[in-house]
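Written below as structure tokens is the structure these notes are about.
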Amino acid sequence: MRSESITMFKSKIFTSLILSALPAAAFAHATLVTPEAPADSYYLAVLQVPHGCDGKATTEVQIKLPEGFIAAQPMPKPGWEIEIIKGKYQKTYDNHGKPVAEGPLEIRWKNGNLPDEYYDTFTISGKFADIAAGTAVPFVTTQICGTDGKAVWDQIAKQGQSHHDLKNPAPVVTLTAADEHGHHDDMAGMFMPVTVGDLQITSAAIKAMTPGQPVGGGFVTVVNNGKQDDRLVSVTVAAGAERVELHEMAMNNDIMTMRRLADGIPIAAGQTVEMKPGALHMMIMGVAKPFKAGETVRATLTFEKAGKVEIDMPVKDMKPGMGHKM
Ligand SMILES: [Cu+2]
């Protein structure tokens with residue numbers, strides 16, 4: 001279970017890394033630059049306005065602050081006036097031990113001029129209070145272009161709907177549990193893709209072991225972006241194990257069998273090979289000290305054509321029962 005959520009979380013991170021690497025003009029919608037934030041913490045809402053209204057320059061940007069985003073402060077922008085609309089919150093929040101029942105509800109940057117061919121950002125700092133992790137929090141935005149143009153970014157995805165399906169989606173930030181995101185230690189559970197030749201190792205994990213187990217399981221996903229077939233020939237780990245074998249598990253006549261792949265694991269051109277519990281895996285024999293979740297194990301993978309590559313494999317708790325008897 002935990003490994004699944006880590007994977008999901010990781011893919012979100014990668015998505016946001018990829019998105020932020022794109023030129024700003026690639027965004028058609030008004031969006032928040034940071035799409036995820038820990039619940040109950042400070043957040044810098046940076047709204048990105050990608051273009052004007054049908055070719056016209058943007059002259060005003062209005063952001064309605066979501067309920068539960070307290071103590072908001074806009075960042076001034078040269079060339080723009082700021083209006084802060086204050087009022088009562090729907091309930092009373094605790095801000096460092098002080099009850100807070102009112103504050104800014106909407107921020108407006110006015111009388112500016114942002115030509116259609118430019119993008120710009122509008123920033124508000126504030127704090128999330130009493131909003132559950134997992135909530136997608138909208139910052140409804142209205143973009144005004146002089147007297148005859150307007151874009152309202154206020155649509156909110158319903159259950160099972162992607163915001164990509166919406167024409168004018170509200171900029172949203174998704175709140176994450178503090179322990180999922182906030183601490184440095186948790187970054188240890190992540191694996192950043194590693195490239196060797198035409199191959200890319202996109203995920204890697206070692207199953208956490210219980211004391212007394214002498215054998216561990218390891219898994220990588222390898223993508224072959226090249227035009228020639230390759231093969232994972234062997235794996236070694238830096239310390240604390242006798243050897244690593246490459247194994248395959250499969251159902252044969254209703255019996256789950258495991259066999260050693262003495263020739264290694266083929267990785268055909270253009271293919272992705274995913275090792276996982278109950279299928280292809282590394283079997284780490286003679287482990288001196290059981291691998292514990294949160295640790296990292298350095299491993300060297302040797303490929304027939306791409307050669308050797310060193311990776312740091314995070315140790316994770318994996319669903320019991322999916323692997324073989326280890
Ligand atoms: Cu095995």
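No value in this document is a laboratory result; all are computed from the given coordinates. Only a predicted model underlies this, so the values are computations on that prediction, with no experimental measurement involved. Ideal geometry is used to build each Cβ from the backbone, glycine not excepted, and the neighbour counts take in all protein chains shown.
Some points to look at:
- Using the Cβ-Cβ distance between residue 94 and residue 150 with R0 = 25 Å, the FRET efficiency computed as 1/(1 + (r/R0)^6) comes to roughly 0.10.
- Here the gap between residue 161 and residue 118, fully extended at 0.36 nm per residue and compared with their Cα-Cα distance, gives a gain of 12.4 nm.
- Ellipsoid semi-axes in whole angstrom, largest first, where each is sqrt(5λ) of the Cα gyration tensor of region 191-316: 23, 18, 12
- Taking amide H atoms as placed 1.01 Å from N in the peptide plane, the amide H of residue 196 lies under 5 Å from those of 201, each 5 or more residues away in sequence or on another chain.
- For region 261-266, the Karplus equation 6.51 cos²θ - 1.76 cosθ + 1.60, evaluated at θ = phi - 60°, returns couplings of 9, 5, 8, x, 10, x Hz by residue, with Gly and Pro reported as x.
- Likely footprinting exposure, 256, 209, fewest C-beta neighbours within 10 Å first: 256, 209
- Computed extension gain for residue 269 through residue 44, at 0.36 nm per residue and net of the alpha carbon distance, reaches 76.6 nm.
- In this label model, residue 225 and residue 262 are separated by 3.6 nm, measuring between points 7 Å along each Cα→Cβ vector.
- Sparse-neighbourhood loop sites, GluC sites (Glu not before Pro) in region 82-176 - DSSP loop, at most 12 other Cβ within 10 angstrom: 117
- Within region 69-92: backbone nitrogen closer than 20 Å to the residue 102 label point (7 Å, Cα to C-beta): 69-74, 83-92
- Positive dipole terminus of region 191-316, leading residue within 250, 266, 220 (C-beta point charges): 220
- Other residues lying with their Cβ under 14 Å from the Cβ of residue 117 contribute a combined charge of -2, Lys and Arg counting +1, Asp and Glu -1.
- Computed over region 191-316, relative contact order equals 34 percent, with contacts defined as Cα pairs under 8 Å that lie 6+ residues apart.
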